[in-house]
Amino acid sequence: MNAATAVAPNAQSLQDPKVRRARRRRADPLIERRFPLHLEPHMQTIRGLYHQAKTAHWDPEKHIPWAKFDASAYSAEQLRAAALSWSRRAWTEYGGLPETPAILIRFCLEHGGESDPKMFLTVRGSEEAWHTECCWRFADLVGKYSDRPASDHYAGLFNQDFHREAFEPGISVDAYIAVHSAILDGIDLELNRGYLRHATDPVALSMLKRMVQDKERHVAFGWVYLAERAAGWDDAARAEISAEIDQAIEGLLLSGAICAWLAPGGIADDIVAADAITRQAGLGAMSVAEESAVVAQFLGEARDHLARLGVAMADIRDRAAAGDRVAVSG
Amino acid sequence: MSAVLSHSLLDESESRFPLDLNIRIPKIRDLYRQATAKQWDPVKAVPWDELHPEQYSDEQRYAARLYWSRRAWGEYGAISESPALQIRFCQQHHAPDMRFFFTLRTQEESRHAEVCYLVAEKLGGYIDAPVQSAFQGSVATHGVRKMALDLDMPLEATIASLVCAAEEIAFDVFGHLIKITTNPAAKRALQLIMRDEVRHCAFGWAYMEERVKQLTPGQLAGVEQAVVNMIEKVELNGYHSAWLGPDTPATRAETEADRITYEAGLGATVESDEKPVFIKSIKRIRKQMQAWGFTLKQFTHPKIEGAF
């Protein structure tokens, strides 16, 4: 599998959207050559994650104690807040449903690709469906699931077109996995670990435990894959990965698509306020200050991890800090 | 196959909201729940110690390796191509039940490819390409990815042809294979695959039951034509059954491997046994589709006497 190396610009020039677009246009179209079809284990650690995932399979119907939810333990305000917090969680989790099949097909379109990532992704897709179902169902259980954000501007942040990006021949699979599995899934895992730490409700606890276990595998997949591939990268491949990560951090994290308190102009203030109440009620959320700390720690660790693979990542921890928002919403 | 089409789903931007996750097609939501509840692991669910490769001749083992490798290539098609349907369900806001169900379906296809790979491997080694390259055309693709991403191809036509035709044919052949396969491990692998395929087929009919009453006569004619194309250009070209492929040295070699595997009780069938099953499938599909408002044409094939 080749990283997209049609040109070899440095990371700085790749920050320019015009350079990135031009580079993508020059990439060869994706053409599948199915044979030889490798199904034997090649990336043993990823095959191991696939086997672990099959063994750890669960069923939202059977393994989540839905009947243990006691609405009388919470105020009407807390229930309303939790319904919004978990609706927002469903909107986010849902992103995997179109994205995972797209990157799975992309792996299949790459000539000579190993089967291990493909097999792993088929299970990840199921797990994302269970996560989405749980968040939707819990939002309905505590109040009522909302099928869209109150703000159209905030709603627009969720239209990320990841499925199109996965098919984009000008973005290498390695860069895609670095952005989505290592960095974005990594942030998501740490946020969910935080929700789990602060949850006391038995249903929220049970869901979050299952989700965190699955997400740990999703993130491990990303880093293991990158570690396996890193030896084959040249400077251009590293520059591309670096640029794609910086772009994703700018366009997705700092835009507020992941952490509502980073959204500009107060477009997600209702979510931020709801999360604060949900966290206090032990229904599975974090305050702005807590989320901010988690994100900052993750970004620092990810930067170190990427540096060991020879990939630079901009240090934007100060820009991802909660700042004044802590005083307002935390 | 290129992922690029003239009017492709990939040209459309995402519009996630309103994000409906409610139950809209209860039969399909039930299939999703069943699939979640009935997961299995190829490594553990097959009694591998009952395969006993040592009880077979070199010729039999080689033929069976080829047969099970070929099965794996076919199952892989559903990993490489069918997930495009999931993208379409999401991007076009089709019933949430379909989006949930298809995630599990893709995982099941991976299990099927894995179990077929494991049978071949344990018999002496998985074979990663058709021995004769001329056979690649028959097994390389059933064209579903292209259909799913092509916005000019109605979804109903894709589901009807892929699921209600192609998968139904495969399902009947599985039933036949389970009856004639004597090796316990090979038989169990087939049973496990068939257990999932029941749901895959049911999904297609449940979806079409919802949709068919809303189709115009022109749209219905498009569905009928897509089914005809799937049967004529894919199935009758040997996608699932080698003996139906064009009569070439490559096809003859594959069918000979099938015969040896069949005689060893390791999982394949032969033209004479499969032919009536195939014809019966086509007739059954034709009858079931009459409820949609059309009667499929009669088909012909050089290896089958008369129209069927």
Note on A:Asp161: of the conditions (1) in contact (Cβ under 8 Å) with a residue 12 or more places away in the chain; (2) of a type outside the set (Val, Ile, Thr); (3) at positive phi, unmet is (1)
Out of A:Glu165, A:Glu127, I need the residue that is surrounded by 23 or more Cβ atoms within 10 Å (Cβ to Cβ) and under 19 Å from B:Ile87 (Cα atoms). Which one?
A:Glu127
Please go through (1) modelled with pLDDT under 95; (2) part of a helix (DSSP H, G or I); (3) exposed (fewer than 14 other Cβ atoms within 10 Å of the Cβ) for B:Ala253 and return the number of the only condition it doesn't satisfy.
(3)
Filter the stretch B:45-82 down to the residues that are facing chain A (nearest Cβ under 8 Å) and without any contact (Cβ under 8 Å) to a residue 60 or more places away in the chain, then identify the one that is farthest from B:Val119 (Cα to Cα).
B:Ile79
Among the residues of the stretch B:31-43, is any modelled with pLDDT of 95 or more and within 29 Å of A:Asp152 (Cα to Cα)?
no
Condition first: closer than 23 Å to A:Gln247 by Cβ and more than 9 Å from chain B (Cβ to nearest Cβ). Can you find one or more residues in the stretch A:137-154 that meet it?
yes
Somewhere in the stretch A:93-101, is a residue among the β-branched types (Val, Ile, Thr), more than 9 Å from every other protein chain (Cβ to nearest Cβ) and surrounded by 24 or more Cβ atoms within 10 Å (Cβ to Cβ)?
no
Looking at the stretch A:155-177, can you tell me whether even one residue there is more than 11 Å from every other protein chain (Cβ to nearest Cβ) and within 19 Å of A:Ala53 (Cβ to Cβ)?
yes
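Among the candidates B:Arg99, B:Arg105, single out the residue that is within 16 Å of B:Asp30 (Cα to Cα) and more than 7 Å from every other protein chain (Cβ to nearest Cβ).
B:Arg105
Working only within the stretch A:94-126, note down all residues that are assigned to a loop (DSSP other than H, G, I, E, B), of a type outside the set (Gly, Ala, Ser) and within 17 Å of A:Leu189 (Cα to Cα). Please lay out each step first, then the result.
We begin by selecting, within the stretch A:94-126, every residue assigned to a loop (DSSP other than H, G, I, E, B); these are A:94-95, A:110-114.
Of the ones still in play, those that are also of a type outside the set (Gly, Ala, Ser) are A:94, A:110-111, A:114.
Of everything in the stretch A:94-126, just one residue is assigned to a loop (DSSP other than H, G, I, E, B), of a type outside the set (Gly, Ala, Ser) and within 17 Å of A:Leu189 (Cα to Cα), namely A:Tyr94.
Return yes when B:Tyr32 is over 24 Å from B:Gly143 (Cα atoms), crowded, with 24+ Cβ neighbours inside 10 Å and either at the interface with chain A (Cβ under 8 Å from one of its Cβ atoms) or among the polar types (S, T, N, Q) (or both) and no when it is not.
Numbers: over 24 Å from B:Gly143 (Cα atoms): yes; crowded, with 24+ Cβ neighbours inside 10 Å: yes; either at the interface with chain A (Cβ under 8 Å from one of its Cβ atoms) or among the polar types (S, T, N, Q) (or both): yes.
So B:Tyr32 passes the test.
Which one of these is among the acidic types (Asp, Glu), in contact (Cβ under 8 Å) with a residue 24 or more places away in the chain and within 13 Å of another protein chain (Cβ to nearest Cβ): A:Glu77, A:Glu61, A:Glu32?
Details: A:Glu77 fails: within 13 Å of another protein chain (Cβ to nearest Cβ); A:Glu61 fails: in contact (Cβ under 8 Å) with a residue 24 or more places away in the chain.
Checking each option against the conditions leaves just A:Glu32.
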Hey, any hits in the stretch A:50-58 for a residue that's surrounded by fewer than 17 Cβ atoms within 10 Å (Cβ to Cβ) and more than 9 Å from chain B (Cβ to nearest Cβ)?
yes
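Output yes when any residue across the stretch A:119-127 is within 7 Å of chain B (Cβ to nearest Cβ), closer than 25 Å to A:Arg80 by Cβ and not aliphatic (A, V, I, L, M), and no when none is.
The initial filter retains those residues of the stretch A:119-127 that are within 7 Å of chain B (Cβ to nearest Cβ), namely A:119, A:122-123, A:125-126.
Right, trim to closer than 25 Å to A:Arg80 by Cβ and you get none.
Checking the stretch A:119-127: not a single residue is within 7 Å of chain B (Cβ to nearest Cβ), closer than 25 Å to A:Arg80 by Cβ and not aliphatic (A, V, I, L, M).
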Considering only the stretch B:180-212, state which residues are in a helix (DSSP H, G or I) and in contact with a Gly (Cβ under 9 Å, 6 or more places away or on another chain).
B:Ile180, B:Ala186, B:Lys187, B:Ala189, B:Leu190, B:Met194, B:Val212
Residue that is surrounded by the most Cβ atoms within 10 Å (Cβ to Cβ), among those in the stretch A:286-319 that are in contact with a Leu (Cβ under 8 Å, 6 or more places away or on another chain) and part of a helix (DSSP H, G or I)
A:Glu291
Every pair of residues 6+ apart whose Cβ atoms lie under 8 Å, when the first sits in the stretch B:10-25 and is more than 7 Å from chain A (Cβ to nearest Cβ) and surrounded by 14 or more Cβ atoms within 10 Å (Cβ to Cβ) while the second is assigned to a loop (DSSP other than H, G, I, E, B) and at pLDDT 95 or above
B:Arg24/B:Ala95; B:Ile25/B:Ala95
If you scan the stretch B:174-213, which residues turn out to be buried (at least 18 other Cβ atoms within 10 Å of the Cβ) and among the basic types (Lys, Arg)?
B:Lys187, B:Arg188, B:Arg199, B:Arg211
Are any of the residues in the stretch A:244-265 more than 16 Å from A:Leu84 (Cα to Cα) and more than 21 Å from the chain's Cα centre (by Cα)?
yes
Of the conditions (1) crowded, with 24+ Cβ neighbours inside 10 Å; (2) outside any helix (DSSP H, G or I), A:Trp136 fails just one. Which one is it?
(2)
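For the stretch B:110-128, how many residues meet the condition of being at the interface with chain A (Cβ under 7 Å from one of its Cβ atoms) and not aliphatic (A, V, I, L, M)?
5
The values are calculated or read from the model by the stated rules, or taken from the named source; none is laboratory data. In this text the structure is predicted, and so the values were computed from the model without any measurement. Neighbour counts run over all protein chains shown; Cβ positions are idealised from the backbone, glycine included.
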